[in-house]
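Bear in mind these aren't lab numbers, they're just calculated from the coordinates by the rules spelled out. These numbers were taken from a predicted model, which means no experiment stands behind them. Please note: Cβ atoms are built from the backbone with ideal geometry, for glycine as well, and neighbour counts cover all protein chains shown.
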């Protein structure tokens with residue numbers, strides 16, 4: 001497991017420069033017109049959900065990446081602490097958010113415990129699906145520790161597309177390829193909204209789940 005997670009970190013370090021191509025559907029990530037339209041409709045729906053959540057005060061963003069979501073957080077937050085294991089991702093985030101009230105931290109989230117401060121909200125996007133089942137308890141404990149009383153969590157992730165039957169699917173190793181042909185193995189679990197709601201309720205959270213029209217999952221939650 002440690003080797004798999006180390007390779008996952010290495011993958012996102014190597015992928016930093018091309019990550020936005022996936023989000024913007026450029027290059028080899030280009031989709032047929034109908035699927036591209038659906039993708040950007042889902043993006044708009046996920047961003048609207050974050051704006052409705054309105055993460056004010058001190059906000060912690062885990063696995064912040066290149067800043068695609070950090071740029072929305074600073075519209076509401078007094079201060080954002082953006083954490084990622086990839087220095088390359090952090091540098092791109094820092095450039096995108098130049099002048100904004102963002103503290104950047106390079107740290108492995110599986111080792112960054114407990115957080116050095118408490119926050120009004122914790123936000124993470126496209127990250128939970130990379131947390132192996134064996135690390136979920138420790139991860140959610142870290143999130144709980146990071147929250148002030150009354151604190152909230154917002155997350156976005158992707159379901160499997162096209163959809164498959166809704167039986168629970170544990171995390172598994174998945175091969176990923178970069179533009180230059182290098183391949184890496186990462187941990188990936190495709191949650192469904194009902195499955196994740198059940199999991200979080202069992203852990204003592206109060207989640208509200210939603211899925212976008214095509215493939216994204218949205219959750220806001222508070223400690224019960």
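Which of the three applies to segment 19-89, rounded, prolate or oblate, going by the alpha-carbon gyration tensor with a ≥ b ≥ c and a/c under 1.5 meaning rounded?
oblate
What spacing in nm lies between the two simple spin-label points modelled at residue 213 and residue 183, each 7 Å away from Cα in the Cβ direction?
3.6 nm
Give me the distance in nm between label points sitting 7 Å out from Cα along the Cα-to-Cβ direction at residue 28 and residue 78, one decimal.
Rounded to a tenth, the inter-label distance reads 4.6 nm.
With a ≥ b ≥ c taken as the square roots of the eigenvalues of the C-alpha gyration tensor of segment 1-124, please select rounded if a/c is under 1.5 and otherwise prolate if a/b is larger than b/c or oblate if it is not?
Cα axes put segment 1-124 in the oblate bin.
Output the Cα-based Rg and Dmax of the chain in Å, rounding Rg to one decimal and Dmax to a whole number.
Values for the chain (Cα only, Rg and Dmax): 16.6, 47 Å.
Among 29-35, 81-87, 41-47, how do they line up by average Cβ neighbours within 10 Å per residue, starting with the highest?
Answer by packing, highest mean first, reads 81-87, 41-47, 29-35.
For the pair residue 52/residue 173, report the inter-label distance in nm, with labels modelled 7 Å from Cα in the Cβ direction.
So the two model labels end up 4.0 nm from each other.
Below 8 Å, C-alpha to C-alpha, sequence gap of six or more: please give me the relative contact order for the chain in percent.
20 percent
Does a label point 7 Å from the Cα of residue 136, set along Cα-to-beta-carbon, have any residues of segment 190-224 with amide nitrogen under 13 Å, and which are they?
Under 13 Å, as judged by backbone N against the label point of residue 136, lie 190-205 of segment 190-224.
Report the extension gain between residue 37 and residue 105 in nm, rounded to one decimal, defined as 0.36 nm multiplied by the number of residues separating them, less their alpha carbon distance. Each step should come with its number before you reach the end.
On the way: separation 68, 0.36 × 68 = 24.48 nm, distance 3.46 nm.
Roughly 21.0 nm would be gained on extension.
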